[in-house]
Amino acid sequence: MVNELELKKVKNEAIKNHIPIIMDDSLEVIKDIIEKENPKKILEIGTAVGYSATMFAIYAKEAIVDTIELDVERAEEAKVNISNIGLKDRINIIIGNAVEILPNIHEKYDFIFIDANKGKYPVFLQEALRLSHKGSVIIADNILYKGYVMSDYNLHKQRTAVRHLREYIKDSTENENLDTKIIEVGDGLAISYVK
Ligand code: SAH
Ligand code: MG
């Protein structure tokens, strides 16, 4: 049983503390996809305090979620949150840099969610391709980054992120093994089905 009150608390605390959790509109789209595909193994890159991982575990009732978080404090907070919500048997938090952790994973996932540092999105896509199979879904959040990705006027500090996000869009839409749609919901989602 999921503790709904704890879940609400986790969401509200995250918002209060300016932790960039997934936006409600994006979650709606993902909910539909997860309910349709019914993934059994989910991989998330970027746990933060465990909100999206929790929602995925709720939508995919039989799924095991492996989720990677670089920030030790956040990861520890996520562990407490997930335990309080009642999902600790289905969500595994892996602490460390996904760039280093992913190459050591040798499993296949049905659903992969990319939501960590934007500068590494193209690398995460390559790893996601290796860890997926025909029929897997790979989703990248924040792909339009507040509209900066579609605009010419980017501040210097956003420029590197924008360059890598554009690279992700190019790679995922041009890859013949992927069927990719970029949708303007929330902060932008790239949704790729592995052919
Ligand atoms: N998916 C979460 C939000 C994630 S915010 C939700 O929607 O609820 C992005 C997180 O990615 C941050 O907590 C940040 O610490 C983490 N992160 C950034 N770079 C990372 C990396 N290279 N490996 C793992 N986690 C990373
Ligand atoms: Mg995000």
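The values are calculated or read from the model by the stated rules, or taken from the named source; none is laboratory data. For clarity, every value in this text was computed on a predicted model and none was experimentally measured. Don't worry about glycine lacking a Cβ; one is built from the backbone with ideal geometry, like all the others, and counts go over all protein chains shown. With ligands, DNA and RNA removed, areas are computed over all heavy atoms of the protein, side chains included. Shrake-Rupley method; radii C 1.70, N 1.55, O 1.52, S 1.80 Å.
Helix 24-37 and the longest principal axis of the C-alpha atoms of the chain enclose an angle of approximately 80°.
Taking every C-alpha pair closer than 8 Å and separated by at least 6 residues, the mean separation divided by the residue count of the stretch 4-194 gives a relative contact order of 19 percent.
In this structure the amide hydrogen of Leu178, modeled in the peptide plane, comes within under 5 Å of the amide hydrogens of Lys195, none closer than 5 places in sequence on its chain. The phi-based Karplus calculation (6.51 cos²θ - 1.76 cosθ + 1.60; θ = phi - 60°) puts the 3J(HN,Hα) values of the stretch 45-61 at 10, x, 7, 6, 9, x, 5, 5, 4, 4, 5, 5, 5, 6, 5, 9, 5 Hz, whole numbers, x for Gly and Pro.
To the nearest ten degrees, helix 72-85 and the longest principal axis of the Cα atoms of the chain are 50 degrees apart.
Counting only lysines at least 8 places from Lys181 when in the same chain, those with an alpha carbon closer than 25 Å to its own are Lys31, Lys36, Lys40, Lys41, Lys108, Lys118, Lys120, Lys134, Lys146, Lys170, Lys195. Among the protein heavy atoms, those of Met150 account for about 140 Å² of accessible surface (1.4 Å probe, every chain in place).
Computed over the chain, the P(r) curve from all C-alpha pair distances, binned at 5 Å from the origin, holds 1, 8, 17, 21, 22, 16, 9, 4, 1, 0 percent per bin.
Close amide H contacts of Ile91 (hydrogens built in the peptide plane, cut-off under 5 Å, sequence separation of 5 or more or a different chain): Val65. The value of relative contact order for the stretch 84-177, using C-alpha pairs under 8 Å at least six residues apart, is 29 percent.
Tell me the mean residue ellipticity at 222 nm calculated for the chain from its helices only (DSSP H runs of n ≥ 4, each -39500 (n - 2.57), averaged over every residue, nearest 500).
Calculated at 222 nm, the ellipticity per residue is -13000 deg cm²/dmol.
Between 0 and 90 degrees, the angle of helix 4-16 with respect to the longest Cα principal axis of the chain falls at about 50 degrees. Counting 0.36 nm for each residue step from Ser83 to Ser151 and taking away their Cα separation leaves a gain of 20.3 nm. The string of couplings for the stretch 108-116 from the Karplus curve (6.51, -1.76, 1.60, θ = phi - 60°) is 10, 10, 8, 9, 10, 10, 9, 8, 10 Hz, one whole number per residue in order, with x for Gly and Pro. Using the Cβ-Cβ distance between Ile95 and Glu176 with R0 set to 45 Å, the FRET efficiency works out to roughly 0.80.
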